Amino acid sequence: MAPKKPSSFAVTGHGTQIAATHFRSLERFDFDSVLLPYSYIVMQNSYYADAFERLATVCQERNVAMLTIKSIARSPWWGRERTRTTWYEPFSEQDEIRNLAYRRALGRSPRSHSLP
């Protein structure tokens, strides 16, 4: 596939609908990249997981960069005392971050690039 012409168009988003929204956006626009959550907890939502995988396939076919965030999300706080300002409790031990979060995100195929 030929390299894309330089541009500054990308799309970001959050929430369980964002993978499906990005998929629809790519039907209408030639974005260079998409940014969205990828973690164990969000992939337990079947609607999100299915949309994410469809989006990943389209991104690979069209040479669109897929950047993922929130890979260190362990789980929602669910009434526990919050020690961070995020909606989720993050993994905090280096082994958990390396083995449970980043390896999952970076080991998927097609590969996405993960940001904490």
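Bear in mind that the values in this text are calculations on the coordinates, not laboratory data. Source: prediction; values computed, not measured. Note that each Cβ is placed from the backbone with ideal geometry, even for glycine, and that neighbours are counted across all protein chains shown.
Run the dipole for segment 11-114 about the Cα centre, Lys and Arg Cβ at +1, Asp and Glu Cβ at -1, nothing else charged, and hand back the magnitude in debye, nearest 20.
Charge dipole, segment 11-114, about its Cα centre: 100 debye, nearest 20.
Test of the criteria: in segment 46-102, which GluC sites (Glu not before Pro) are in a DSSP loop and have at most 11 other Cβ atoms within 10 angstrom of their Cβ?
Hits after loop and neighbour filter: GLU81, GLU93.
Need one number: nm distance between label points at TRP77 and ARG103, each 7 Å from Cα along Cα→Cβ, rounded to one decimal.
3.0 nm
Report, in whole Å, the centroid distance computed from the Cα atoms of segment 72-103 and segment 10-61.
Measuring centre to centre over Cα atoms gives 22 Å.
Give me VAL42, VAL58, VAL34 ranked fewest to most by other Cβ atoms within 10 Å of their Cβ, as a rough exposure proxy.
Numbers: VAL42 22, VAL58 16, VAL34 26.
By the 10 Å Cβ count, ascending, the order reads VAL58, VAL42, VAL34.
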